[in-house]
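Step one of this worksheet: look at the structure below.
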Amino acid sequence: MEIKGSCLCGAYRFSITEPMEMMSTCYCSVCRKAHGTGQATFVACSKTALQLEQGEDVVSDFKTQLGGTRNFCKNCGSNLPVDAGERFIIPAGLLDDDPGVDTVIHIFVASKAPWVHIPDGGTQHDEYPPEWLEEN
Ligand SMILES: [Zn+2]
Ligand SMILES: [Zn+2]
């Protein structure tokens, strides 16, 4: 399998060569600001699954107040994949192909904006799901 992905301007391009581990949608205030939307949907893949094809030179980053890192394209501002230790977390909107997964995990629902409506289906968590925290 191969799923292609790219930023808005096309300078950053990657492919994913293994099945995604999961798709999640986050409603936290940091994602809201960073993405300019009510929620941000991500896919996760293993470290070996993501191949950067081009664009290492356009990656810029921002350290959030909570200590996280947000990568973005310095040409177009698209949010880019972030190295999360065991895996890469990839903004799902970058994908050019169908990843074959759907959102099943809604996170940080306790801090969602009042105008955001969470779709039916999947599990909802006030912050991170407990099983994610156990991994760290
Ligand atoms: Zn770009
Ligand atoms: Zn978030």
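The values are calculated or read from the model by the stated rules, or taken from the named source; none is laboratory data. On a predicted model such as this, the values are computed, not experimentally measured, just so you know. Reconstructed Cβ throughout: ideal geometry from the backbone, glycine too, with neighbour counts over all protein chains shown.
Sort out which residues of segment 87-136 are in a helix (DSSP H, G or I) and acidic (Asp, Glu), and write them in order of number.
Within segment 87-136, Glu131, Glu134, Glu135 qualify.
Test of understanding: among Cys73, Cys31, which residue is under 15 Å from Ser6 (Cβ atoms) and among the hydrophobic types (A, V, I, L, M, F, W, C)?
Cys73
Within segment 32-78, count every residue that is out of contact with any Cys (no Cβ under 6 Å at 6 or more places or on another chain) and within 21 Å of Asp120 (Cα to Cα).
Residues flagged as out of contact with any Cys (no Cβ under 6 Å at 6 or more places or on another chain) and within 21 Å of Asp120 (Cα to Cα) within segment 32-78 amount to 7.
Could you go through segment 72-85 and let me know if any residue there is in a loop (DSSP other than H, G, I, E, B), more than 16 Å from ligand 1 (Cβ to nearest atom) and either without any contact (Cβ under 8 Å) to a residue 24 or more places away in the chain or of a type outside the set (Ser, Thr, Tyr) (or both).
yes
Hey, among Phe88, Phe108, which residue is closer than 13 Å to Glu21 by Cβ, away from ligand 1 (no atom under 16 Å from the Cβ) and of a type in the set (A, V, I, L, M, F, W, C)?
When all the criteria are applied, what remains is Phe88.
Quick check: is even one residue across segment 106-114 in contact with a Pro (Cβ under 9 Å, 6 or more places away or on another chain) and surrounded by 13 or more Cβ atoms within 10 Å (Cβ to Cβ)? Spell out the reasoning first.
Looking only at segment 106-114, we keep the residues that are in contact with a Pro (Cβ under 9 Å, 6 or more places away or on another chain), and these are 106-107.
Checking which are surrounded by 13 or more Cβ atoms within 10 Å (Cβ to Cβ) leaves us with 106-107.
So far as segment 106-114 goes, yes, one or more of its residues are in contact with a Pro (Cβ under 9 Å, 6 or more places away or on another chain) and surrounded by 13 or more Cβ atoms within 10 Å (Cβ to Cβ).
Any idea which residue in segment 14-23 is nearest to Gly68 (Cα to Cα), counting only those that are in contact with a Ser or Thr (Cβ under 8 Å, 6 or more places away or on another chain) and assigned to a strand (DSSP E or B)?
Met23
Could you count how many residues in segment 71-104 are touching a helix residue (DSSP H, G or I) at 6+ places or on another chain (Cβ under 9 Å), modelled with pLDDT of 95 or more and not small (Gly, Ala, Ser)?
9
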